[in-house]
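**Student:** One structure follows; several queries about it will come next.
The values are calculated or read from the model by the stated rules, or taken from the named source; none is laboratory data. Every value quoted in this text rests on a predicted model; they were computed, and no experiment measured them. Quick reminder, even Gly has a Cβ in these numbers, built from the backbone with ideal geometry, and neighbours come from all protein chains shown.
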Amino acid sequence: MTDKTSNKMWGGRFAAGPDAIMEAINASIGFDRRMAAQDIAGSRAHAAMLAAQGIITDTDAEAIGEGLLTVMSEIEGGSFVFSTALEDIHMNVEARLTELIGAPAGRLHTARSRNDQVATDFRLWVRDQLDACESGLTALIRALLEQAESGADWVMPGFTHLQTAQPVTWGHHMMAYVEMFGRDLGRVRDARIRMNESPLGAAALAGTSFPIDRDMTAAALGFDRPCANSLDAVSDRDFALEFLGAASICAMHLSRMAEELVIWSSAQFRFVTLSDRFSTGSSIMPQKKNPDAAELIRAKVGRIFGANTALMMVMKGLALTYSKDMQEDKEQVFDAADNLMLALAAMEGMVRDMTANRESLAAAAGSGFSTATDLADWLVRVAGLPFREAHHVTGALVALAESRGCDLPDLSLAEMQGVHADITMDVFGVLGVENSVNSRMSYGGTAPAQVRAQIARWKETLE
Ligand code: ARG
């Protein structure tokens, strides 16, 4: 197999084989073997089409089709011997096919090049990842919906600047992530629609003089249509970049949620308890239960974003069409995909298993003068103050409570009237956090009724 004098696949014009270093830098078999199934599916579709068009005989096509299935089972069974001298998955498969079926194998590469072959394989591989991403995101959204439903009216502090801002509900906070991951889902689906065109038949770059049927191979491989320009078909990798772009944004969302889980599970917050199944211990501090999965999810955004940047840099300076630089597309995408899928699954598991601590959430919801805005709104609505003045009066009341070391509802009516004479007993009705969240009935607001409506809408959407 490893003919050292020249490469069997392209060595016709070569008198000497490659230097060992050349072989090492050139070979992609170490990683592109992950596209074996896609490569074989592409070759089977191509062979069947060649026969249907009378370009090769049915007998040869059958031998090729059968032989490729044998190769696939050898790869799956682990008995296939991958060769670095044969560079990549395409030539490894074809060489083994030749060993298995002899001469007819040489007809498989008619009207095809490794350029359209690799573009096809890689599209199929990325398409599978987009589908896996869709399932992973859907599962995560379902887990978030369950959390949202069980605590739709549980109060907790809402934050800006990580400072207590206004009371919100647990359900509302969970549903914020549903919206984010929902848009990630949309990006993944959009990318899939755009990328689902077949490069096969673009050949090296210019198309082919053989009477091929590109619609037939496109349909056999589940593509919506063939790519309309052969130069573009072999030379762009924007489909991989769209995947990495969507993956980067999704990883960023996962990372933000992971950061919140790290904060929330700390002894200082105690908003959530993570399950033992998704926590780790410390080898020295026996009391520790660490949110390692969340921390690792938070860290993974770096490598996924890095993959996106790396492939952008690989592509940005390449004149059309194929250049070997493009072989550097795969490892980045493989790594990003592996880590995104892992992060999605880990986040889903953590969300599913975690327990929100209703009491801690409620205690925190009422602290930090979280209903100050409700007080200001009351001064506008009931006492008729302009908002700016109401804001000022409320600020004075907050300062007063702070100096007394108490919360707003703990001030007496007399103390409040000392700041503004028009305040009545009625004000205490808006200082409670329950009232506060219930009053936020504007569309998309935190009132439990609004939250439940959004949960219902999402459940319907997912059906
Ligand atoms: N291993 C190559 C890659 O991943 C396959 C295409 C090779 N094409 C070529 N003209 N050398 O890009």
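**Student:** Which residues, counting only those in the range 190-200, are out of contact with any Leu (no Cβ under 8 Å at 6 or more places or on another chain) and more than 16 Å from the ligand (Cβ to nearest atom)?
**Tutor:** 190, 193, 194, 196, 197
**Student:** For the range 99-110: of the residues being surrounded by fewer than 21 Cβ atoms within 10 Å (Cβ to Cβ) and among the small types (Gly, Ala, Ser), which is nearest to the ligand (Cβ to nearest atom)?
**Tutor:** The qualifying residue nearest to the ligand (Cβ to nearest atom) is 106.
**Student:** Is it true that some residue in the range 235-244 is in contact with a His (Cβ under 9 Å, 6 or more places away or on another chain) and either hydroxyl-bearing (Ser, Thr, Tyr) or modelled with pLDDT of 95 or more (or both)?
**Tutor:** no
**Student:** Residues that are small (Gly, Ala, Ser): which helices (runs of 4 or more DSSP H) entirely in the range 1-57 hold 2 or more of them?
**Tutor:** Working: elements: 20-26, 29-32, 36-52.
Passing ranges, in order: 20-26, 36-52.
**Student:** Please specify each residue of the range 74-96 satisfying the condition of being closer than 16 Å to residue 38 by Cβ, more than 16 Å from the ligand (Cβ to nearest atom) and either assigned to a helix (DSSP H, G or I) or in contact with a strand residue (DSSP E or B) (Cβ under 7 Å, 6 or more places away or on another chain) (or both).
**Tutor:** 75, 76
**Student:** Here's a check for you: in the range 21-64, which residue that is in contact (Cβ under 8 Å) with a residue 12 or more places away in the chain and hydroxyl-bearing (Ser, Thr, Tyr) is nearest to the ligand (Cβ to nearest atom)?
**Tutor:** By that ranking, first place goes to 28.
**Student:** Also: Exactly one of these conditions fails for residue 203: (1) within 16 Å of the ligand (Cβ to nearest atom); (2) part of a loop (DSSP other than H, G, I, E, B); (3) surrounded by fewer than 21 Cβ atoms within 10 Å (Cβ to Cβ). Give me its number.
**Tutor:** Answer for residue 203: the failing condition is (3).
**Student:** Being more than 24 Å from residue 343 (Cβ to Cβ), away from the ligand (no atom under 16 Å from the Cβ) and either touching a Pro at 6+ places or on another chain (Cβ under 6 Å) or assigned to a helix (DSSP H, G or I) (or both) narrows it down to one residue among 138, 164, 120; which is it? Explain how you work it out, then say what you get.
**Tutor:** On the way: 138 fails: more than 24 Å from residue 343 (Cβ to Cβ); 120 fails: away from the ligand (no atom under 16 Å from the Cβ).
Of the residues listed, the single one that is more than 24 Å from residue 343 (Cβ to Cβ), away from the ligand (no atom under 16 Å from the Cβ) and either touching a Pro at 6+ places or on another chain (Cβ under 6 Å) or assigned to a helix (DSSP H, G or I) (or both) is 164.
**Student:** Same structure again: For the range 308-341, enumerate the residues that are away from the ligand (no atom under 16 Å from the Cβ) and within 17 Å of residue 244 (Cα to Cα).
**Tutor:** 308, 309, 312, 313, 316, 336, 337, 338, 339, 340, 341
**Student:** If you don't mind, there's one more thing I want to ask. Being free of Cβ contacts under 8 Å to residues at least 12 places away in the same chain and either near the ligand (Cβ under 10 Å from one of its atoms) or among the hydroxyl-bearing types (Ser, Thr, Tyr) (or both) is the filter here, so list the residues in the range 5-20 that pass it.
**Tutor:** The answer is 6, 10.
**Student:** Moving on. Name every residue in the range 303-359 that is part of a helix (DSSP H, G or I) and among the polar types (S, T, N, Q), in order of residue number.
**Tutor:** Once the filter is applied, which keeps residues that are part of a helix (DSSP H, G or I) and among the polar types (S, T, N, Q), the range 303-359 yields 308, 309, 327, 332, 339.
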